[in-house]
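The structure appears below as structure tokens.
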Amino acid sequence: MKITPCLVSIGLGLLFSCTEKDPLIGQTEITKWPDSKKGAISVTYDDGIVNQFTIAKPIMDSLGLPATFYIITGKVEGSGKGKFIGRDPKEIIAETARIKTDSSNLFERASLIAFTGTTEAEDYHARIGSLFEQGKKQEAYALTDEGYAKIRAGKMKNTNDVVFHNNREDTTTWEQYKSYAAQGHEIASHTVTHPRLAVLDEVNMRYELEQSKADLLQFIGPESIFSAEGPYGTENERVMEIAHQVYPALRNRMPEEWLEEINRGSKMTPGQSSKEYVQWQRGPLTRIDITQMKAWVDTVLHHDNNWLVLVFHGIENLGWEPKARGELVEYFSYMKTNEKDLWIATFRDVTKYLRERKATQIQSTVKSGEIRLTLSSDLDPEEYTVPLTLKTYVPKDWKAVQITQGSAQISPQIQSDEKGNFVLYNISAKSREVQLKKG
């Protein structure tokens, strides 16, 4: 909305009456992406695999690229560990001999089984959750009964396999994670133990989400409790409802009417959506070659609404679906060469920018030689802190522009498009008043 007041000044016997102003002058918009770039990319890593920090992170650091690391907090020394919350496990195990698993008891039993003492039991929990999320509930019930029968018979064993999310080589400390966050990376929650959240009962699900959040807040700070990722890319409705009560944003799913979410398993392409923004998730698995990975970047460059979210796991032969060091060097270097047109940022920062842009209203008041902007938003300015890029049209006779926000002043270059002359500039997310004057 633009307000163009008529100004009347009386002094020294002179009267100036107002005239009709050019309606373009003072028109201001928040650009779709910072610095009016073509699209965004977020590089994310799951599971806190040590090679992500010793191999992938240094490559990204050398190029000045930030990343989001979703870590399993229970693996980090000093944090809350995984545990079962509920009835006496012995009572539950004994009950499985008399009562078959069904919808009334699955969540309790699936929550407990991973904490009965063996890696095979952890595997049962994961497979039960997989069947449940595929809609194969009867198979999930049967597998649960099978697992507990083994437990009762003393046949459940340690498989001697180290699952990808619990690698014994992972020794990263909270002090290291805090230093990574200070370098501009996002360290965020991937729960306490990497469970199948969809088959946990509510108290155990909340523990996985809330304890992870509490440890991140304690050891790193509030910047690490904005986004999270539920393990296995779950989109279970019950999980999403509870998880969104704990975290402002989830990589799993963020229901916004203006955002199209294309998950890793979807066959949909970004060009098929007419929504204002498209979050397009891709998984650079071992079998995905560098040509395909670069093509994803090219797709972002050929649209104006695409946010590519890359999901990495293993690195250099450690972790699930690992990618080699050489591929990462080539891939991240390719992104860097296109940085003029791409905003490469953490998942947290991209989410914040989009929400800030959609929530912010701007009023402009135009006077002779001056444009004043007033911004308003219902978002918490202490949480939504990513600077916004504004584009404001100025009079053709302005040869220079001085912009003031608070005590800060800048003089951006005047540019032009088919509509007229404008300036492009960044403002603090906390700014509520901006003044533009003829230089």
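The values are calculated or read from the model by the stated rules, or taken from the named source; none is laboratory data. Given the structure is predicted, the values throughout are model-derived calculations rather than measurements. Neighbour counts are summed over all protein chains in view; Cβ atoms, including those assigned to glycine, are modelled from backbone coordinates with ideal geometry. Protein only, heavy atoms only, side chains kept; ligands, DNA and RNA dropped before computing areas. Shrake-Rupley method; radii C 1.70, N 1.55, O 1.52, S 1.80 Å.
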Kindly list, by first and then second residue, each pair from a residue in region 244-272 that is under 17 Å from K32 (Cβ atoms) to a residue that is among the aliphatic types (A, V, I, L, M) and open to solvent by less than 60 Å² (accessible area, probe 1.4 Å), limited to pairs with Cβ atoms under 7 Å and residues at least 6 apart or on different chains. E260/V278; P270/I262; P270/V278
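Per-residue answers, yes or no, for (1) at pLDDT 95 or above; (2) surrounded by fewer than 14 Cβ atoms within 10 Å (Cβ to Cβ); (3) under 30 Å from L310 (Cβ atoms):
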site: R348; (1), (2), (3): yes, no, yes
site: Q361; (1), (2), (3): yes, yes, no
site: S368; (1), (2), (3): no, yes, no
site: E418; (1), (2), (3): yes, yes, no
Selection within region 234-273 - surrounded by 14 or more Cβ atoms within 10 Å (Cβ to Cβ) and in a helix (DSSP H, G or I): R238, V239, M240, I242, A243, H244, V246, P270
If a residue must be out of contact with any Pro (no Cβ under 9 Å at 6 or more places or on another chain), charged (D, E, K, R) and touching a residue at least 24 places away in the same chain (Cβ under 8 Å), how many such residues does region 357-379 contain? 4
Quickly run through region 123-154 and pick out the residues that are over 16 Å from A198 (Cβ atoms) and of a type in the set (D, E, K, R). D123, D145, E146, K150, R152
Yes or no: region 274-291 includes at least one residue that is within 18 Å of E327 (Cα to Cα), open to solvent by less than 10 Å² (accessible area, probe 1.4 Å) and assigned to a helix (DSSP H, G or I). no
Would you mention how many residues in region 85-96 are open to solvent by 40 Å² or more (accessible area, probe 1.4 Å) and assigned to a loop (DSSP other than H, G, I, E, B)? 4
If a residue has to be touching a residue at least 60 places away in the same chain (Cβ under 8 Å) and either open to solvent by less than 40 Å² (accessible area, probe 1.4 Å) or assigned to a strand (DSSP E or B) (or both) to count, how many in region 294-316 make the cut? 14
Conditions (1) open to solvent by less than 10 Å² (accessible area, probe 1.4 Å); (2) part of a strand (DSSP E or B); (3) of a type outside the set (A, V, I, L, M, F, W, C); number of the one not met by Q402: (1)
Just checking, does region 47-56 include any residue being acidic (D, E), open to solvent by less than 30 Å² (accessible area, probe 1.4 Å) and in a loop (DSSP other than H, G, I, E, B)? yes
